[in-house]
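A quick write-up on the structure given underneath.
Each reported figure results from applying straightforward, stated rules to the coordinates on display, with no laboratory input. Quick caveat: nothing in here was measured; it's all calculated off a predicted structure. With ideal geometry, Cβ positions are generated from the backbone for all residues, glycine too; neighbour counts draw on all protein chains shown.
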Amino acid sequence: MNEKIYLTGFMGSGKTTVGQALGKAIGYQVIDTDQWIEQTYRTSISTIFEEKGEDYFRSLETEALRNLLNKRAIITTGGGIVVREENRQIMKQSGKVVFLDCEIEEVIRRTSMDHSRPLLKQKNKEQISAMFKERLPFYREADIQIDTTGKSILNLVEELKSLMLK
Ligand SMILES: Nc1ncnc2c1ncn2[C@@H]1O[C@H](COP(=O)(O)OP(=O)(O)O)[C@@H](O)[C@H]1O
Ligand SMILES: O=C(O)C1=C[C@@H](OP(=O)(O)O)[C@@H](O)[C@H](O)C1
Ligand SMILES: [Mg+2]
């Protein structure tokens, strides 16, 4: 098994949730970059976006990746981490990158009750879909890709375990 596993994918693809379950199943520590940023800076993602903007948040994601480099862990990332070339390079060079794919209708269903994602606020389906399409080439640079649409967390953990043992 790889020393480090990065879960990437769009908002609502299940990175945080699946990462936790996978960590329990294979006995790995799990660290979420969003949670690392919130704990390190003692603030919320929404506040960072409001007060400092998206670019600043992206630089905190780079800082999180750099700080977590020496950990043997599953790193669950924020959906936009792949937008920065530097972030993609760090992940590629230090571990196995997994892309959790998900149909946009299901992304919207899964995230509709949770208002903690500033980039989904006041966006319609077309706008969310456009953001996803823009990022798709970056997500596809991953070593492993799986579709999470309609699959249970348990099912996804099993699928990931079998793919990672290959
Ligand atoms: N495979 C799945 N099937 C159904 N619901 C899911 C699945 N994966 C995640 N969810 C739910 O979708 C929401 C977003 O999941 P989360 O893990 O926060 O995604 P991400 O970290 O990729 O944004 C949560 O409410 C979670 O319980
Ligand atoms: O896609 C994005 O740009 C973002 C995704 C979020 O994480 P999740 O993908 O875990 O929702 C969080 O990092 C922030 O709201 C920005
Ligand atoms: Mg998450």
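Taking a sphere under 13 Å around the Cβ of I153 and counting the other residues whose Cβ falls inside, with K and R at +1 and D and E at -1, yields a net charge of +3.
Exposure proxy shown here: for Y41, Y56, the number of other Cβ atoms within 10 Å sets the order, fewest to most, as Y56, Y41.
Projecting the Cα positions of S116, G9, A25 onto the charge dipole of the chain (unit charges on Cβ atoms of Lys, Arg, Asp and Glu, taken about the Cα centre) puts A25 furthest along the positive direction.
Each Lys and Arg contributes +1 and each Asp and Glu -1, all at the Cβ; summed about the Cα centre of the chain, the dipole is approximately 340 debye.
Mean sequence separation of contacting Cα pairs (under 8 Å, at least six apart), scaled by the length of the chain, corresponds to a relative contact order of 36 percent. Restricted to Cα atoms, the range 43-166 shows a radius of gyration and a Dmax of 15.3, 44 angstrom. Which residue, T76, T149, T33, has the most motion in a Gaussian network model of the chain that connects Cα atoms within less than 10 Å? Sorting by GNM fluctuation, first place goes to T149.
Comparing D32, D147, D114 in a Gaussian network model of the chain (Cα springs below 10 Å), the most mobile by mean-square fluctuation is D114. Here's the picture: charge each Lys and Arg Cβ at +1 and each Asp and Glu Cβ at -1 in the range 99-152, and of V107, G150, F138 the one pushed furthest to the positive end of that dipole is V107.
For the range 55-126, the Cβ-based charge dipole about the Cα centre amounts to some 240 debye (Lys, Arg positive; Asp, Glu negative; other atoms uncharged).
With neighbours defined as other Cβ atoms within 10 Å of a residue's Cβ, the residues F10, F138 order from fewest to most as F138, F10.
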